[in-house]
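Each remark here refers to the structure printed beneath this line.
Derivation of every value follows stated rules applied to the coordinates shown; laboratory data play no part. The structure presented is a predicted model; accordingly, all values stated were derived computationally and were not measured.
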């Protein structure tokens, strides 16, 4: 009985550790993105499959974590909130300049919540909701990608 209880405790601890929300649990490539002096560890999504999946299914996005969608060329892209479980800020970037900010995009409408770039962008960064305001992000701000 003691072995069973010990095994159950270890299993529960393993589930809790695996389910944590830090940036490192995902196996995709990461980039460090610096905005207004703050560094974010950004999981990159550069293939069509990665961009389509995005943050779908995740419970949340940890502090100073982001997802960075990379496109081969600038364009007017469309994003949906299918499978999302939390609100986000969407930062549209052309080159290394912020060209559009969609703050507090709600997950509640799922695939019906669609956001479009109003100007061509070649990158979109998703951050926890409220981050853009918290760091004072403005259109025209520059980002660094390491």
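If you average the sequence gap of Cα pairs under 8 Å that are 6 or more apart and divide by the length of region 21-146, what percent do you get for the contact order? Can you show the working numbers first?
Details: 294 pairs, mean separation 36.7, N = 126.
The value is 29 percent.
DSSP beta bridges fully contained in region 22-145 are about 85 percent antiparallel.
The radius of gyration of the Cα set in region 22-145, together with its Dmax, comes out at 12.9, 34 angstrom.
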